[in-house]
Amino acid sequence: MNIREKITALRDELRGHNYNYYVLDQPTISDYEFDIKLKELQQLEEAHPEFHDPTSPTLRVGGEVTKNFETVQHEHRMYSLDNSYSKEDLEDWEKRIQRILGDVDVAYTCELKYDGASISLTYEDGKLVRAVTRGDGFQGDDVTANIKTIKSVPLQLKGDYPPKFDIRGEIILTLEGFAQMNKERLEAGEEAYMNPRNTASGSLKLQDSALVAKRPLECLLYSIVGNNLDIKSQFEVLEKARAWGFKVPTVAKLCKSTQEVMQFVEEWDVKRHDLPYETDGVVVKVNSLRHQEELGHTAKAPRWAMAYKFKAEQVSTILNEITYQVGRTGAITPVANLEPVLLAGTTVKRASLHNADQIAKLDIRVGDTVFVEKGGEIIPKIIAVDFSKRPANSAPTIYIQHCPECGTELVRNEGEAQHFCPNDTGCPPQITGRIQHFISRKAMDIEGMGSETVELLFKEGLIANYADLYILTKEQVMPLERMAEKSAENLVNGVAASKSIPFERVLFALGIRYVGETVAKKLAKAYKNIDALMVASEEELVAVDEIGGRIAESVVQFFENPTNVEIVDRLKSYGLQFSLSEEQLENQSEKLKGQTFVVSGVFETIGRTELKKLIEDNGGKVASSISSKTSYLVAGANMGPSKKAKAENLGVPIVSEQEFMAML
Ligand code: AMP
Ligand code: ZN
């Protein structure tokens, strides 16, 4: 094989693997093997720029930066869709269609309406040449560099494709991908994104395509336009697109009547909650493309298609009062206290109002009749005011200026939606919130003590911070409400026992803003003891792997506060763990750096939790389920057969307990 053939073969092979992984969700090789091959191709391409190919899988990682997205005319206009909300709407639509087409049988293709950002992809000779956003329907932005990084978008088609066509689809984020992105953001001390749809659509306009490449975006396709295409129906569009290598969901169904359409709608109104992505309805399309042509378009939308919107469950009720909650970090959340009302099977009395902007935007006032909706979230939300029912004497809501708990003037940082109370050491819910966090299971795990006990102890003046817990005596606690000698003893013993909780959890328990469990582990590992951490500068902190600017700033601020330093000093004097133990220090290494392990089954010489800790102490990562990102599956006795099969399928090496120990 000469170099050119070798490059072509590698490209084809890697395209195939991308397709299996991102379109079919059925990878056949491990990520590791994929990376090796990709690197090999990269090296060959670098050495031989004469064989450059804009559709090479090596270009998926992005890197191209677009300062201004070029405006491009759509060769075929991108229309919007008309909406319907009931069976009657749908039947009216059918009548309108019949009036134009005459007395013929009309079949419909039903698809889900994917909730993301629409995109138009142009292919010439099987290669992606352009990707343009919908824009105003006539022209959009050229976002090709960004779209190329989305792995389910084929750069090179397979099979029997026409020489030139446009294909339309929706760029989406799966719920899981979205949750993962938010988790990483929160851990990095950044604010969470609002919803998958806006995040997907915002991603398309990022200037740095390498950032787009990191987001778990997907592209689901649903329509092909072009001249002289040998396609007769919408259902065939979907099949063809799938055959050429596009990701096309298989839920689509060909229906012979609006009755069947309604069945599809009803079925998916329920099943949509199990889908990996969000959908807000069904798109019904006249199946025959000849019929579609005859029906044509209105100014805004095709006459041959209709979006059937699922109903979000909604009721109206009266807003009795707005109260304000103060959280552990001082963040203020306005809460709507509602006239109780039944919604989606539960009685709703309260709804979140999010922040001051939200109240102003909706112009919500006490006494208003409001519409309440239950979406995917647990807490219902107010979506609008019924202005026709607004009482004559109603007055605009004035957002509070002072903390409802301690009276301190509230502050609002630039760029943040929420107000907060800055009195972190004197504001009761912040004080008790911090102590409650301190004793919680993942922090100091103090047995014999719960949230109510903390409130009680605080109210009785027995504790004002978490250091005070360590000087409580049985005699002080016993006289309290619902305390007996035994429970008082348990409490005091529980506090004493927590002195052996390891450093990283003590660090987490301190409740430093943005220092969650994972960050605390990282910091403990990097600094080894609190004295080193207390004097670390922001610059030093951000140099630690995965520690961002917000976290660094917060850590420095925490230890600049003399009250916090005094409390830490007291905790030290009571004997809490403020450094990694000798044993931890001895056992730490970077031997497993960059590798991800899944642990399954029962082990002979070590418990499962200890095994996981061993992995982390040596720089490895522990994941809960096997994916192509898994480096090794550590298998004990009685491992589930499905895990084994999955690992074998993905080519993830399976190692025994002994083999794992040998790795260390
Ligand atoms: P709307 O934005 O409400 O006018 O709805 C029209 C948009 O729905 C289109 O521009 C597409 O981006 C989107 N859409 C999502 N899923 C589909 C689908 N299966 N067929 C057609 N359009 C869809
Ligand atoms: Zn306060």
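Output the number of the condition that ARG303 fails; it satisfies all remaining conditions of (1) surrounded by fewer than 17 Cβ atoms within 10 Å (Cβ to Cβ); (2) touching a residue at least 60 places away in the same chain (Cβ under 8 Å); (3) among the basic types (Lys, Arg).
(1)
Conditions first: (1) touching a Lys or Arg at 6+ places or on another chain (Cβ under 8 Å); (2) of a type in the set (D, E, K, R); (3) within 12 Å of ligand 2 (Cβ to nearest atom). ARG434 passes all but one, so which condition is the exception?
Against the list (1) touching a Lys or Arg at 6+ places or on another chain (Cβ under 8 Å); (2) of a type in the set (D, E, K, R); (3) within 12 Å of ligand 2 (Cβ to nearest atom), ARG434 comes up short only on (3).
For a quick check of your reading of the model, give me the residue pairs whose first member lies in the stretch 48-60 and is outside any helix (DSSP H, G or I), whose second is basic (Lys, Arg), with beta-carbon atoms closer than 7 Å and at least 6 apart or on different chains.
If the second residue must be basic (Lys, Arg), the pairs left are ASP53/ARG11; THR55/LYS127; SER56/ARG11.
Only one residue in LEU507, LEU456, LEU491, LEU469 is open to solvent by 20 Å² or more (accessible area, probe 1.4 Å) and either out of contact with any His (no Cβ under 7 Å at 6 or more places or on another chain) or in a loop (DSSP other than H, G, I, E, B) (or both). Which one?
Only one candidate qualifies: LEU456.
Tell me, yes or no, whether the stretch 44-67 has at least one residue that is on the phi < 0 side of the Ramachandran plot, exposed (fewer than 15 other Cβ atoms within 10 Å of the Cβ) and among the polar types (S, T, N, Q).
no
Can you tell me which residue within the stretch 396-414, out of those that are assigned to a loop (DSSP other than H, G, I, E, B), open to solvent by 40 Å² or more (accessible area, probe 1.4 Å) and of a type in the set (A, V, I, L, M, F, W, C), is farthest from ligand 1 (Cβ to nearest atom)?
That would be CYS406.
Would a scan of the stretch 82-94 turn up a residue that is among the hydroxyl-bearing types (Ser, Thr, Tyr), open to solvent by less than 60 Å² (accessible area, probe 1.4 Å), within 11 Å of ligand 1 (Cβ to nearest atom) and in contact (Cβ under 8 Å) with a residue 24 or more places away in the chain?
Checked against the condition, which is being among the hydroxyl-bearing types (Ser, Thr, Tyr), open to solvent by less than 60 Å² (accessible area, probe 1.4 Å), within 11 Å of ligand 1 (Cβ to nearest atom) and in contact (Cβ under 8 Å) with a residue 24 or more places away in the chain, the stretch 82-94 yields no hits at all.
Check ALA443, ALA417 and return the single one that is out of contact with any strand residue (DSSP E or B) (no Cβ under 8 Å at 6 or more places or on another chain), closer than 18 Å to GLN325 by Cα, in a loop (DSSP other than H, G, I, E, B) and more than 16 Å from ligand 2 (Cβ to nearest atom).
The unique qualifying residue is ALA417.
So which residues in the stretch 119-132 are surrounded by fewer than 22 Cβ atoms within 10 Å (Cβ to Cβ) and either within 16 Å of ligand 2 (Cβ to nearest atom) or of a type outside the set (A, V, I, L, M, F, W, C) (or both), if there are any at all?
Residues satisfying the conditions are THR122, GLU124, ASP125, GLY126, LYS127, ARG130.
Does the stretch 351-370 include one or more residues that are under 30 Å from PHE508 (Cβ atoms), within 14 Å of ligand 2 (Cβ to nearest atom) and out of contact with any helix residue (DSSP H, G or I) (no Cβ under 9 Å at 6 or more places or on another chain)?
Checking the stretch 351-370: not a single residue is under 30 Å from PHE508 (Cβ atoms), within 14 Å of ligand 2 (Cβ to nearest atom) and out of contact with any helix residue (DSSP H, G or I) (no Cβ under 9 Å at 6 or more places or on another chain).
Considering the stretch 610-656 alone, what residues qualify as being touching a Gly at 6+ places or on another chain (Cβ under 6 Å) and surrounded by fewer than 19 Cβ atoms within 10 Å (Cβ to Cβ)?
Passing the criteria: GLY636, ALA637, ASN638, MET639.
For residues that are within 24 Å of ALA520 (Cα to Cα) and touching a residue at least 24 places away in the same chain (Cβ under 8 Å), scanning just the stretch 441-458, find the one that is nearest to ligand 1 (Cβ to nearest atom).
By that ranking, first place goes to LYS442.
Among the residues of the stretch 169-209, which ones are in contact with a Ser or Thr (Cβ under 8 Å, 6 or more places away or on another chain) and within 19 Å of LYS151 (Cβ to Cβ)?
Result: GLY169, GLU170, ILE171, LEU173, PHE178, MET181, PRO196, LEU204, SER209.
Collect the residues in the stretch 381-395 that are surrounded by 11 or more Cβ atoms within 10 Å (Cβ to Cβ) and farther than 29 Å from ALA192 by Cα, keeping them in residue-number order.
ASP386, LYS389, ARG390, PRO391, SER394 - these are the residues of the stretch 381-395 that are surrounded by 11 or more Cβ atoms within 10 Å (Cβ to Cβ) and farther than 29 Å from ALA192 by Cα.
What number of residues in the stretch 134-167 are open to solvent by 20 Å² or more (accessible area, probe 1.4 Å) and within 16 Å of ligand 1 (Cβ to nearest atom)?
Of the residues in the stretch 134-167, 6 are open to solvent by 20 Å² or more (accessible area, probe 1.4 Å) and within 16 Å of ligand 1 (Cβ to nearest atom).
Looking at the stretch 547-577, which of the residues that are in contact with a Ser or Thr (Cβ under 8 Å, 6 or more places away or on another chain) and of a type outside the set (S, T, N, Q) is surrounded by the fewest Cβ atoms within 10 Å (Cβ to Cβ)?
My answer is VAL556.
Looking at the stretch 579-596, can you tell me whether even one residue there is within 17 Å of ALA532 (Cα to Cα), without any contact (Cβ under 8 Å) to a residue 60 or more places away in the chain and part of a helix (DSSP H, G or I)?
yes
Do any strands (runs of 3 or more DSSP E) lying entirely in the stretch 196-314 carry at least 1 residues that are farther than 26 Å from HIS76 by Cα and more than 33 Å from the chain's Cα centre (by Cα), and which ones are they?
Those strands (runs of 3 or more DSSP E) span 253-255.
Regarding ALA188, is this residue in contact (Cβ under 8 Å) with a residue 12 or more places away in the chain, in contact with a helix residue (DSSP H, G or I) (Cβ under 8 Å, 6 or more places away or on another chain), surrounded by 15 or more Cβ atoms within 10 Å (Cβ to Cβ) and hydrophobic (A, V, I, L, M, F, W, C)?
When the stated conditions are applied, ALA188 passes them.
Checking the conditions here, which among GLY202, GLY177, GLY116, GLY135 is more than 16 Å from ligand 2 (Cβ to nearest atom) and at positive phi?
The match here is GLY135.
Taking the criterion of being open to solvent by less than 70 Å² (accessible area, probe 1.4 Å), under 25 Å from LYS311 (Cβ atoms), assigned to a strand (DSSP E or B) and aromatic (Phe, Trp, Tyr), would at least one residue in the stretch 363-372 satisfy it?
Yes, the stretch 363-372 contains at least one residue that is open to solvent by less than 70 Å² (accessible area, probe 1.4 Å), under 25 Å from LYS311 (Cβ atoms), assigned to a strand (DSSP E or B) and aromatic (Phe, Trp, Tyr).
The values are calculated or read from the model by the stated rules, or taken from the named source; none is laboratory data. Note that the coordinates shown come from a computational prediction; the quantities given were computed from them, not determined experimentally. Virtual Cβ from ideal backbone geometry, glycine too; neighbours counted across all protein chains shown. Keep in mind that these areas ignore ligands, DNA and RNA; they rest on the heavy atoms of the full protein, side chains included. Shrake-Rupley method; radii C 1.70, N 1.55, O 1.52, S 1.80 Å.
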